[in-house]
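Each remark here refers to the structure printed beneath this line.
The values are calculated or read from the model by the stated rules, or taken from the named source; none is laboratory data. For clarity, every value in this text was computed on a predicted model and none was experimentally measured. Methodologically, a virtual Cβ is constructed for each residue, glycine included, from the backbone with ideal geometry; neighbour enumeration extends over all protein chains shown. Each accessible area value is taken on the protein alone, full model and side chains, heavy atoms only, with ligands, DNA and RNA left out. Shrake-Rupley method; radii C 1.70, N 1.55, O 1.52, S 1.80 Å.
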Amino acid sequence: MKPTKELLFTYFAGQATSVQQKVIGEWLADAGNRETYFQWLDEWERSFPQYAPDVPYHLDQFRQRLDSPVPQQTFRLRQLPAEPRTLWQQGSWLVAASVSLLLLAGGWFAGEPILYNTITTGAHQLRSVSLPDGSTVALNSNSSLRVPRVGYGWLSRDVVLTGDAVFNIRHLANNQPFVVQAANGLAVEVLGTEFSVRSRATLAEVVLKRGKVNLHYATANQPPQNLLMKPGDRVTLDDKGALQLQARADTTRFAHWRYRLFSFNDTPLREVASQMQTVFGVTVQLSDPALARRTLTGTIRAGSSDELADALAELLNLRVSHRDQSIIFSTPFETQLNQ
């Protein structure tokens, strides 16, 4: 049974019944339906935005900065080139210079909220973002993307990612590069492509689905280096500067978090617990160290940490308890002893 768009919109709003959720899960098991799912998710989020900026607050901050004394600044303007310049070139440079001087003279206005637009997601939230140049970004839970408000698309297209995201980047006529600044000094320069980036404190990861990206990075005791990735490549860079390249990785598992699909292939429960902590922002405990070695194979669709925990407990014959932001797995035998 194919779910309708209206049913998907009901699901995105968190109002679908258990039967409807099962229908959607079975439909998503076919990889060919997932792009439609994501397109409808993007349409729903445009119609029902999950973020509403506090305009009065930021406007008040802006006015306070304008009313406060401005410290005297000394500016050094670079000399214009001697060669002839077209009216458009002169106008572009003057606009850029004027914007820069206004920002400096205004004490950077209200700081980062004015200079950058930072999009964030909560513990159980997925979000689709359309950038001014027509590029799109899908943000995973507990993630943020910082985008410049001034000069994006003509001064630069540099963004800063914390967390997980899938990028689909549009090529511009002026060949303006798109660069993702990630953790551990990793910079991902895009050459027109679709790829995912994980930017966490201990690990940066890039998986390329199609197109090409150029990685800029510095490993321990080595000068900055470049690496050109090909479709199917997976690259990781840890906090110690160790880089690993896996060619022809399994792209069928590409960013499954977009569809809340969790795929496991003889995966130890300790790694499953780590995924849950990363995606949902919860603490997962295994009461018996032996549980960490239990393995799991299959695909589970879950929209929350509680749903995934309950499914794991049923598949592995475990007991699970939910306490605030903590999930504890134990064996039935342990539970009987504690009673």
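Counting pairs of Cα atoms in the range 123-171, how many percent are more than 17 Å apart?
Of the Cα pairs, 32 percent sit more than 17 Å apart.
Taking 22 Å as R0, compute the FRET efficiency from the Cβ-Cβ separation of Q39 and A13 and round it to 0.05.
The computed FRET efficiency comes out at 0.85.
For D30 and Q246, calculate 0.36 nm times their separation in residues minus their Cα-Cα distance, and state this gained length in nm to one decimal.
Once the chain is fully extended between D30 and Q246, it gains 75.2 nm.
Would you pull out the residues with amide H under 5 Å of R127's amide H, same chain only if 5 or more places away, H placed 1.01 Å from N?
Amide H to amide H, under 5 Å and 5 or more residues apart or across chains, R127 pairs with L139.
If amide hydrogens are placed 1.01 Å from N in the peptide plane, which non-local residues have theirs closer than 5 Å to the one on S304?
So S304 has HN proximity to no qualifying residue.
Given labels modelled 7 Å from the Cα in the Cβ direction, how far is it in nm from A311 to N265?
Simple spin-label model gives 1.8 nm for this pair.
From the protein chains alone at 1.4 Å, what is the descending order of accessible area for H216, H322, H256, H171, largest first?
The ordering from most to least exposed comes out as H171, H322, H216, H256.
For I24, tell me the accessible area in Å² from a 1.4 Å probe, rounded to the nearest 10.
Number for this one is 0 Å².
Rank these residues by their accessible area, most exposed first, probe 1.4 Å: V320, V197.
My answer, sorted largest first, is V320, V197.
Given 0.36 nm per residue, what is the gain on full extension from D238 to Q222 after removing their alpha carbon distance, in nm?
Gain on extension, D238 to Q222, equals 4.3 nm.
How big is the accessible area of L261 in square angstrom, nearest 10, if you roll a 1.4 angstrom probe over the protein chains?
Approximately 10 Å² for this residue.
Can you give me the long-range amide H partners of T283? Hydrogens built in the peptide plane at 1.01 Å from N, cutoff under 5 Å, separation of 5 or more residues or another chain.
Those qualifying (amide H under 5 Å, at least 5 residues apart or on another chain) are S326, I327.
How much of E271 can a 1.4 Å solvent probe reach, expressed as accessible area in Å² and rounded to 10?
Spelled out: E271, probe radius 1.4 Å, area about 90 Å².
How high is the relative contact order of the range 182-339, in percent, with contacts defined as C-alpha pairs under 8 Å that are six or more residues apart?
14 percent
Explain nothing, just compute: Karplus ³J(HN,Hα) = 6.51 cos²θ - 1.76 cosθ + 1.60, θ = phi - 60°, for every residue of the range 2-7 in order, whole Hz, x for Gly and Pro.
Values per residue, Gly and Pro as x: 8, x, 7, 4, 4, 5 Hz.
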